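As structure tokens, the structure follows; a few thoughts come after it.
The values are calculated or read from the model by the stated rules, or taken from the named source; none is laboratory data. In this text the structure is predicted, and so the values were computed from the model without any measurement. Neighbour counts are summed over all protein chains in view; Cβ atoms, including those assigned to glycine, are modelled from backbone coordinates with ideal geometry. When the accessible area is computed, the model is the full protein with side chains, heavy atoms only, and any ligands, DNA or RNA have been set aside. Shrake-Rupley method; radii C 1.70, N 1.55, O 1.52, S 1.80 Å.
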Amino acid sequence: MIRTRFAPSPTGALHLGNLRTAVFNALLARGAGGRFLLRIDDTDRERSEQRFADAIRADLDWLGLRWDAEFIQSERMALYEAAAERLKADGRLYPAWESASDLALMRRRLLAAKRPPVYDRAALRMSDTERAELMATRPPHWRFRLEPGVIEWDDGLRGPQRIAAEAVSDPVLIREDGQFLYSLCSVVDDAEMGVTDVVRGADHVTNTATQIQLFAALGAAPPRFAHHALMVGPGGEKISKRLGGLSVADLRESGAEPTAVLSWLARIGSARPVEPLWSVEAAAEDFDLSTFGAAPVRAATADIMQLSAKMLHDAPFEAVRARLPSEVTEAFWLAVRPNIDRLEDVLDWRAVAAGATPLIAPEDAEFVAEALALLPPRPWDGGTWAAWTGAVKAATGRKGRALFLPLRRALTGRDHGPEMATFMPFLAKP
Ligand code: GLU
């Protein structure tokens, strides 16, 4: 059975780029009748915050992405501890003492000599006495010793990948202060949870190479991997917290429909057109990673808002009912939905129906007064507008825009709006 996971670090708000990763993993699992897991990667104690984890859950909920189980890394330390012990016992995890500035210097030297900036494994070549001496003075960080050779995998999005282990530094898996780092925790969890497919951003490609060796060192089979191109800002820049408007919360506040965000994320960057997909199930039905290209995708909130409005124009009452005040009837919804950009615009039309301040140009005052005197008695129905405007036309000789616009303005206080024939029965005044 397919098992995927979304593994955000609760160090900030989710943005469209992160959400795309979540959508891919969720749709992959749902489409195959598998399981979708949420994993909170909170081993970075300084930067992880409860409020971000809560916000992540709220964002996923909003989008309708349900997860079948949730795991929190900070509650799983014993597993990482055991894996670290095993790797140490097997000689795959070795202590090293270079400081950050030592490493930066080494890196600069290598780059200046036009050589790849790969850690030179000085710590592996130390004598046992040297090592014991250092061990007594200060705690080491621990590196995973990569086996030489080419690491290969068939990437679900990028195709066959080959990375020479020699071109990659032995990754640090445990910090000096004892904190377990991402790759160790992630691989231990993916193995333990039986994750079969990992979809994540292309910034993880090199990690994947080292993680494939880590799975093997822990006696586990690696999952299938797929790396999607990172999403960039409207100007091609890296998405960061400073780039406003692209967080899920921002989108929600600007009134984007969750189904529109889902539809856009499920298709953008693929060979398939972006089109309305009304539910996670519908989006999952024919979701296919192989239709996605490797080019970066630009975040385009204007496109999302446009799709959102379009979807509202077609939305059946059932799709929105729960999010509208109970007084809003299906008939009212159908009358106003072509004239809204955001769901909350329905409330404006409700206010208009309850009684808008009439908009009457001075030159139309006499005409409007004459017309209002001709208003048919209530109840009004779908034929009232035609009957009324017919009578006004006969009495005043006005026609076309000169006839209709002042009447619309007098009744709704606006120049534009729903079809008057449909909307008129909802007017409480005059
Ligand atoms: N916490 C990691 C991140 O947010 C997870 C990456 C992964 O999917 O393995 O980048």
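Listed values, structure above:
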| quantity | calculated |
| --- | --- |
| Single match in V328, V320 (criterion: free of Cβ contacts under 8 Å to residues at least 40 places away in the same chain, in a loop (DSSP other than H, G, I, E, B) and open to solvent by less than 80 Å² (accessible area, probe 1.4 Å)) | V328 |
| Number of positions in segment 95-119 that are under 38 Å from the mean Cα position of the chain (by Cα) and either of a type in the set (D, E) or under 21 Å from E130 (Cα atoms) (or both) | 5 |
| Residue match in segment 65-85 (condition: closer than 27 Å to A123 by Cβ and of a type in the set (D, E, K, R)) | yes |
| Flag for S270 being of a type in the set (G, A, S), more than 14 Å from the ligand (Cβ to nearest atom) and in contact with a Phe, Trp or Tyr (Cβ under 6 Å, 6 or more places away or on another chain) | yes |
| Residue that is least open to solvent (accessible area, probe 1.4 Å), among those in segment 206-240 that are within 30 Å of A300 (Cα to Cα) and part of a helix (DSSP H, G or I) | T208 |
| Helices (runs of 4 or more DSSP H) enclosed by segment 356-430 - at least 1 residues per element that are aliphatic (A, V, I, L, M), within 28 Å of E330 (Cβ to Cβ) and out of contact with any strand residue (DSSP E or B) (no Cβ under 8 Å at 6 or more places or on another chain) | 384-396, 400-412, 420-423 |
| Flag if D68 is buried (at least 19 other Cβ atoms within 10 Å of the Cβ), on the phi < 0 side of the Ramachandran plot and either away from the ligand (no atom under 11 Å from the Cβ) or of a type outside the set (S, T, N, Q) (or both) | no |
| Residue in segment 102-111 that is more than 14 Å from the ligand (Cβ to nearest atom), open to solvent by less than 70 Å² (accessible area, probe 1.4 Å) and acidic (D, E) present | no |
| Flag if A283 is assigned to a helix (DSSP H, G or I), open to solvent by 50 Å² or more (accessible area, probe 1.4 Å) and not hydroxyl-bearing (S, T, Y) | no |
| Residue match in segment 42-61 (condition: in contact with a Lys or Arg (Cβ under 6 Å, 6 or more places away or on another chain) and surrounded by fewer than 21 Cβ atoms within 10 Å (Cβ to Cβ)) | no |
| Single residue of A395, A402 found to be loosely packed, with under 15 Cβ neighbours inside 10 Å, of a type in the set (A, V, I, L, M, F, W, C) and within 20 Å of H416 (Cα to Cα) | A402 |
| Residue that is nearest to R162 (Cα to Cα), among those in segment 182-205 that are at pLDDT 95 or above, within 11 Å of the ligand (Cβ to nearest atom) and open to solvent by 40 Å² or more (accessible area, probe 1.4 Å) | H204 |
| Restricting segment 6-41 to residues that are within 9 Å of the ligand (Cβ to nearest atom) and open to solvent by 20 Å² or more (accessible area, probe 1.4 Å), the residue that is nearest to the chain's Cα centre (by Cα) | N18 |
| Restricting segment 286-307 to residues that are out of contact with any Ser or Thr (no Cβ under 8 Å at 6 or more places or on another chain) and in a helix (DSSP H, G or I), the residue that is least open to solvent (accessible area, probe 1.4 Å) | I304 |
| Index of the failed condition, E130 passing every other in (1) loosely packed, with under 12 Cβ neighbours inside 10 Å; (2) among the acidic types (D, E); (3) free of Cβ contacts under 8 Å to residues at least 12 places away in the same chain | (1) |
| Scan of segment 91-101 for residues that are out of contact with any strand residue (DSSP E or B) (no Cβ under 7 Å at 6 or more places or on another chain) and surrounded by 12 or more Cβ atoms within 10 Å (Cβ to Cβ), ordered by number | W97, E98 |
